[in-house]
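Participant: The following block contains the structure, expressed as structure tokens.
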């Protein structure tokens with residue numbers, strides 16, 4: 001599972017505006033799974049539905065981001081797929097609590113794997129969560145390059 005410390009800071013919204021840069025492609029990509037489960041018994045329908053979602057993904061820059069949602073984003077309506085969570089939050093503000101880790105760190109009692117890079121969308125949330133988890137000496141740290149080659153492993157915390 002991937003999480004932000006606060007989903008209103010980059011996942012659902014940024015500065016109060018919907019974060020289409022994450023919401024739209026992520027929801028469309030996950031929508032393929034929704035379609036696969038929903039239309040599994042009709043391969044012809046499934047193939048057409050998946051092709052239509054892939055077309056929206058392929059044209060996201062030229063048209064998807066320009067279809068600003070008044071209520072539901074046209075792509076989610078067109079494919080009858082769920083969105084990442086921003087629209088649900090608009091109708092059910094209390095729902096955000098189930099997506100927010102910041103301020104609830106004492107309630108998280110399961111082992112967690114946090115990943116983040118200096119220049120990615122998960123960076124601030126990862127640093128925030130790490131900072132509230134306790135001394136860094138308790139956390140193993142891994143380093144890798146963009147080729148996914150493991151460079152160092154530090155499990156001592158030193």
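Participant: What does the highest-first list of 67-77, 93-103 look like by mean Cβ count within 10 Å?
Facilitator: 67-77, 93-103
Participant: Using Cα pairs closer than 8 Å and at least 6 residues apart in sequence, work out the relative contact order for the stretch 13-99, in percent. It would help to have the intermediate numbers written out before the result.
Facilitator: Details: 61 pairs, mean separation 32.1, N = 87.
Rounded, it is 37 percent for the stretch 13-99.
Quick note: the coordinates plus some simple rules give every number you see, no bench work behind them. Computed from a predicted model, the values in this text were never measured in an experiment. Please note: Cβ atoms are built from the backbone with ideal geometry, for glycine as well, and neighbour counts cover all protein chains shown.
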